[in-house]
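Participant: I'd like to ask you about the structure that follows.
The values are calculated or read from the model by the stated rules, or taken from the named source; none is laboratory data. Being a predicted model, the structure only gives us computed values, none of them experimental. Positions of Cβ are generated from backbone atoms using ideal geometry, with glycine treated the same way; all protein chains shown enter the neighbour counts. Surface accessibility is based on the protein's heavy atoms, side chains included, excluding ligands, DNA and RNA. Shrake-Rupley method; radii C 1.70, N 1.55, O 1.52, S 1.80 Å.
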Amino acid sequence: MSAIYTPLQQAAALPSEDRGLNDQSRSLANSLEIVSLERHNSNASSSSSREEADQPTRQSVVFKPADVSEEGLRREIGLFSASSIIIGQVVGSGIFSTPASVAILCGTPYMALILWFISGVFSLGGALASAELGTMFPQNGGMIRYLAHSYPKPRALVATIMAYSVTFFCRPAAIAANVAIFSQYFFFAAGRADYAETRDYLLRGIGALVMTVLMVLNMLSVRWSLRLLNLFAIVKIVTLLVVSFTGFLLMVGAVKRTPGTNWSRGFKGTKFDAQSFASAMTRLFWSWEGWSNVGYVVGEVKNVKRNLPLSLGLAMSTLAVLYLLANVAYFSVIPLEDIDNGTLLAAQFMDKIFGKAMGQVVLPICIGISILGVVMSELFGGGRLMYTAGKTGFVPYGDVLGEIHPRFGTPVYAMAIIWALSLVFLFAPPPGKAFDLLVELVQEGMWYFYALTAFGVIILRKRLPRYPLRRFRSSLVLSFLFGALSFALGILQFYPPAEVPGKKKPELPYYLAPLLGAIFMTLCLIPWYLRMWRYVNKTGIQLLGWIEAEEQEVLMMDD
């Protein structure tokens, strides 16, 4: 069974040139190992077995192979796999449908392209902010750790709310929402589109079976899980390349197209009202969402200082180019007035360019596989998220949730909890409005956590200006802009959205999902009080001592 590890412990497993330790620092590390071990033995003899199981503990400095972290997790995630985890979470079905509603909300394809570019640059700023924090705190957990270090007072309130709301609600609900719909695309390709309306629980049952198979694979083998994630990412990229390359050929005139008015109209008809802009930006930012997933598994990334920033920059830049070219392709073929909001825009495009076989059979299968890739990425990162929530003391029974299987090298119990919660969210809501509301609730609250994480970069630059593990520096301007816009998007959820012509008006009030999200986050104050105040005051166990310990041990490397 493993214990809490710190950046200095991880540095001990790296080559000396990566640690940046001189002879004096290495001597200090050895001294720290002896002191830490003595303290651990002393505490072990005086604490009860229950307290030992629940308290986040600090492990002595032990030299381990470079491919195994101090937790016992194997560092098997290279540059390509890290990029695949990001792509796997970002690319779902959004890019194949969202451009239609964005263009209608903007009024012209030109303005839509500008907003795609702006949202992409801002999202890249958020991703690079996450890269800076990931190199500073290179352990699994992502935003849980980042928020704990950025806002340690009062008693890690922000990180605790994030740990409970995302781990116990947002992530399993997102998994349930995706596995419930992926099979619709395969039935559509088989000519049974009616199953989406008449066989709801059949689709959920198929989703549960597939999710179980993917989770078992996640539990048994990190290496094969990464290989499958890589395969899913390749399918996504190839699908986007087909659309994007066709767009490039249309631009240079290599492929004939029916003349339209999309580009000749310029900016004539562009909508500048705040309601349309807010609705468009919400859809756009949700299409970029998912880059944070690699932060949850950063402790298993090889050569973090190189591969984490490079994978985030490479994945997001590649997707930005492909997304823009895909938009060019769509609107070079389909006039804005001919867009059918009841049909995927990509399907309309494929029908016109390649024929109905591509638009109604091949593309739906590719989108179904793409959504499976999202589920696989969510399961892979979600298990590590639950593992960290227990390991760091935010959630009780950390000795169980933080256990790494000695043979498989995976947090099997944490992954089992994520799987069980996903099943509850998959089958509990009845068909219709309730399940639609679940899908809407998935994103509620995340905007605020993204904003606070981006602002955390600015805070830590001031509080820890000479932090030895800050091996990458993001743009503070982009971090601030991303944080400000993310916070604004969270607030705008309470603002009436603009109507999209041709789309069915939601039956539920627009404010219900953000309101329920706010209520749920408020309810997270209950476990925060019970865990961080009542339990700590009753037992005397300092659950959050690891936050300062991680920082102080790293700072000693620079003395």
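Participant: State, to one decimal in nm, how far the label point of Glu337 lies from the label point of Phe427, with both points 7 Å from Cα in the Cβ direction.
Facilitator: Rounded to a tenth, the inter-label distance reads 5.2 nm.
Participant: May I ask you to evaluate 6.51 cos²θ - 1.76 cosθ + 1.60, the Karplus curve with θ = phi - 60°, for each residue of the range 268-279 and list the ³J(HN,Hα) values in order in whole Hz, giving x for glycine and proline?
Facilitator: My calculation for the range 268-279 gives 5, x, 5, 9, 10, 6, 5, 5, 5, 4, 5, 5 Hz in order.
Participant: Return the loop-located chymotrypsin sites (Phe, Trp or Tyr not before Pro) in the range 263-361 (DSSP other than H, G, I, E, B) with at most 16 other Cβ atoms within 10 Å of their own Cβ; answer none if there are none. It would help to have the intermediate numbers written out before the result.
Facilitator: Values: sites: Trp263, Phe267, Phe272, Phe277, Phe285, Trp286, Trp288, Trp291, Tyr296, Tyr323, Tyr330, Phe331, Phe349, Phe354; in loops: Trp263, Phe267, Phe272.
Here the sparse-neighbourhood loop sites are Trp263, Phe267, Phe272.
Participant: Per residue, how much accessible area does the range 410-558 show when a 1.4 Å probe rolls over the protein heavy atoms, in square angstrom?
Facilitator: Using a 1.4 Å probe on heavy atoms only, each residue of the range 410-558 averages 50 Å².
Participant: Here's a follow-up. Would you kindly derive the ³J(HN,Hα) couplings of the range 510-517 from the backbone phi angles with the Karplus curve 6.51 cos²θ - 1.76 cosθ + 1.60 (θ = phi - 60°), listing them in order in whole Hz, with x for Gly and Pro?
Facilitator: Taking θ as phi minus 60°, the curve returns 4, 8, 5, 5, x, 5, 5, x Hz for the range 510-517.
Participant: Let me ask you something else. Would you mind calculating the gained length between Gln542 and Phe267 on full extension (0.36 nm times residue separation, minus the Cα-Cα distance), in nm to one decimal?
Facilitator: Numbers: separation 275, 0.36 × 275 = 99.00 nm, distance 5.96 nm.
Extending this stretch completely gives an extra 93.0 nm.
Participant: So what are the ³J(HN,Hα) numbers for the range 463-473, from phi and the Karplus equation (6.51, -1.76, 1.60; θ = phi - 60°), rounded to whole Hz, Gly and Pro as x?
Facilitator: 7, 10, x, 10, 8, x, 8, 7, 8, 9, 10
Participant: Here's a follow-up. Probe radius 1.4 Å, ligands and nucleic acids ignored: give me the carbon and sulfur share of the accessible area of the range 371-450 as a rounded percent. Intermediate values should be presented prior to the final figure.
Facilitator: Values: 1680 of 2450 Å².
Roughly 69 percent of what the probe reaches on the range 371-450 is carbon or sulfur.
Participant: In the range 403-468, what chymotrypsin sites (Phe, Trp or Tyr not before Pro) fall in a loop by DSSP, with at most 15 other Cβ atoms inside 10 Å?
Facilitator: Working: sites: Phe408, Tyr413, Trp419, Phe425, Phe427, Phe435, Trp447, Tyr448, Phe449, Tyr450, Phe455; in loops: Phe408.
Hits after loop and neighbour filter: Phe408.
Participant: Shifting gears a bit: Based on the alpha-carbon gyration tensor of the range 351-426 and its eigenvalue square roots a ≥ b ≥ c, which shape applies: rounded if a/c is under 1.5, prolate if not and a/b is larger than b/c, or oblate? List each step's numbers first, then the result.
Facilitator: Details: a/c = 4.23, a/b = 3.24, b/c = 1.31.
Judged from the Cα gyration tensor, the range 351-426 comes out prolate (a/c at least 1.5, a/b above b/c).
Participant: Of Lys271/Lys504; Lys268/Lys505; Lys153/Lys505; Lys433/Lys538, which sit over 32 Å apart, Cα to Cα? If you can, show how the numbers build up before the last one.
Facilitator: Values: Lys271/Lys504 21 Å; Lys268/Lys505 27 Å; Lys153/Lys505 43 Å; Lys433/Lys538 44 Å.
Going by Cα-Cα distance, Lys153/Lys505; Lys433/Lys538 fall outside the 32 Å limit.
Participant: For the range 474-559, which chymotrypsin sites (Phe, Trp or Tyr not before Pro) are in a loop by DSSP, counting at most 16 other Cβ atoms within 10 Å?
Facilitator: Phe494, Tyr510, Tyr511
Participant: In square angstrom, what is the accessible area per residue of the range 247-338 with a 1.4 angstrom probe?
Facilitator: Numbers: 3850 Å² over 92 residues.
With all protein chains present, the range 247-338 gives 42 Å² per residue.
Participant: If you take the alpha carbon radius of gyration of the range 396-514 and divide it by 2.2 N^0.38 Å, what ratio comes out, to two decimals? Show your work: numbers first, answer last.
Facilitator: Details: Rg = 20.3 Å, N = 119, 2.2 N^0.38 = 13.5 Å.
This ratio for the range 396-514 stands at 1.50.
Participant: I want the local charge near Leu226. Using Cβ-Cβ distances under 12 Å, sum +1 for each Lys or Arg and -1 for each Asp or Glu among the other residues.
Facilitator: Working: positive: Arg74, Arg75, Arg223, Arg227, Lys302; negative: Glu76, Glu300.
Every neighbour counted, the sum reads +3.
Participant: Between beta-carbons, use under 11 Å as the cut-off and find the net charge around Glu507, counting Lys and Arg +1, Asp and Glu -1. Walk me through the numbers before you get to the answer.
Facilitator: Details: positive: Lys433, Lys504, Lys505; negative: Asp436.
Once positives and negatives cancel, what remains is +2.
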